[in-house]
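Here the structure is laid out as structure tokens; the discussion comes afterwards.
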Amino acid sequence: MKDPTADWEFLLWDPGHAARPPGRARLLAAARTVRAARLLRRRGWPEARQRLRSLRPATESELAPCEAIALARREVLPCLTALRLADPDALCLPRSYALVTYLTTLGLPAEVVVARQRSSIGGRFAFHAWAELYEEVLADIPGVRTGFTVLQRFGSAHVGRAG
């Protein structure tokens, strides 16, 4: 049986457990996160998406998928802290876009997923966005995919595909 506490392990920081990216790469990732949030807010989705597709990582990552996911979960808090500086009221699209920008800078093949709710309420559909790495949902409810139909999935063209 799987240990239920193992899913919450990513909240603990254990420097000996997983590799940490270089401090310079993390600082660059935070700066790019702030710029990406401002770009999305000022210029809109099409230009922000183009910028993400052309984003080059600051460091190469040779981590196995399980190690990459553990690292990504550890980096969610620094990323969202940087985002809070640029856009304190960010909703799902800016949050997922910022997280993918941050993780791509660290060399991880994260993707933004944009989806439409499967059932409508009063003839209107809700839309949602989240970040994924190796088909693992990051910084959102793990079962979010069950209620949504994916419309778009994209990341940087300069890192390998995560799925």
Just one of the numbered conditions (1) open to solvent by 50 Å² or more (accessible area, probe 1.4 Å); (2) of a type in the set (Ser, Thr, Tyr); (3) at pLDDT 85 or above is not true of Ser156; which one? (1)
Boolean, Ala90 is of a type in the set (Gly, Ala, Ser) and within 17 Å of Leu138 (Cα to Cα): yes
Residues in the range 87-102 that are part of a helix (DSSP H, G or I) and open to solvent by 10 Å² or more (accessible area, probe 1.4 Å): how many? 4
Pick from the range 118-149, criterion more than 11 Å from the chain's Cα centre (by Cα) and of a type in the set (Gly, Ala, Ser), ranking: modelled with the lowest pLDDT: Gly123
Go through the range 94-108 and count every residue that is touching a strand residue (DSSP E or B) at 6+ places or on another chain (Cβ under 8 Å) and either farther than 19 Å from Pro142 by Cβ or modelled with pLDDT under 95 (or both). 1
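Each row is one residue, and each column tells you yes or no for (1) in contact with a Cys (Cβ under 7 Å, 6 or more places away or on another chain); (2) under 21 Å from Leu138 (Cα atoms); (3) at pLDDT 95 or above; (4) open to solvent by less than 40 Å² (accessible area, probe 1.4 Å).
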site: Pro22; (1), (2), (3), (4): no, no, no, no
site: Leu28; (1), (2), (3), (4): no, yes, yes, no
site: Val34; (1), (2), (3), (4): no, yes, yes, yes
site: Leu39; (1), (2), (3), (4): no, no, yes, yes
site: Trp45; (1), (2), (3), (4): no, yes, no, no
site: Ala48; (1), (2), (3), (4): no, yes, yes, yes
site: Leu55; (1), (2), (3), (4): no, yes, yes, yes
site: Glu60; (1), (2), (3), (4): no, yes, no, no
site: Glu67; (1), (2), (3), (4): no, yes, no, no
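Starting from residues that are aliphatic (A, V, I, L, M) and open to solvent by 20 Å² or more (accessible area, probe 1.4 Å), keep the ones in the range 71-85 and report whichever is farthest from Glu132 (Cα to Cα). Please lay out each step first, then the result.
Pass one, the range 71-85, residues aliphatic (A, V, I, L, M): 71-72, 76-77, 80, 82-83, 85.
This time we only want the ones that are open to solvent by 20 Å² or more (accessible area, probe 1.4 Å), so: 76-77, 80, 85.
On the way: Val76: 12, Leu77: 16, Leu80: 15, Leu85: 23 Å.
Selected residue: Leu85.
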Give, as residue ranges, the strands (runs of 3 or more DSSP E) completely inside the range 121-163 that count at least 2 residues that are small (Gly, Ala, Ser). 127-133
Unmet criterion (only one of (1) at pLDDT below 95; (2) in a helix (DSSP H, G or I); (3) of a type outside the set (Phe, Trp, Tyr); (4) open to solvent by 70 Å² or more (accessible area, probe 1.4 Å)) for Lys2: (2)
Answer yes if at least one residue in the range 117-127 is touching a residue at least 40 places away in the same chain (Cβ under 8 Å) and over 24 Å from Ala25 (Cβ atoms), and no otherwise. no
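The values are calculated or read from the model by the stated rules, or taken from the named source; none is laboratory data. Note that this is a predicted model, so its numbers are computed, not measured. Neighbour counts are summed over all protein chains in view; Cβ atoms, including those assigned to glycine, are modelled from backbone coordinates with ideal geometry. Ligands, DNA and RNA are stripped out before the accessible areas are found, and what is left, the full protein with its side chains, is counted by its heavy atoms. Shrake-Rupley method; radii C 1.70, N 1.55, O 1.52, S 1.80 Å.
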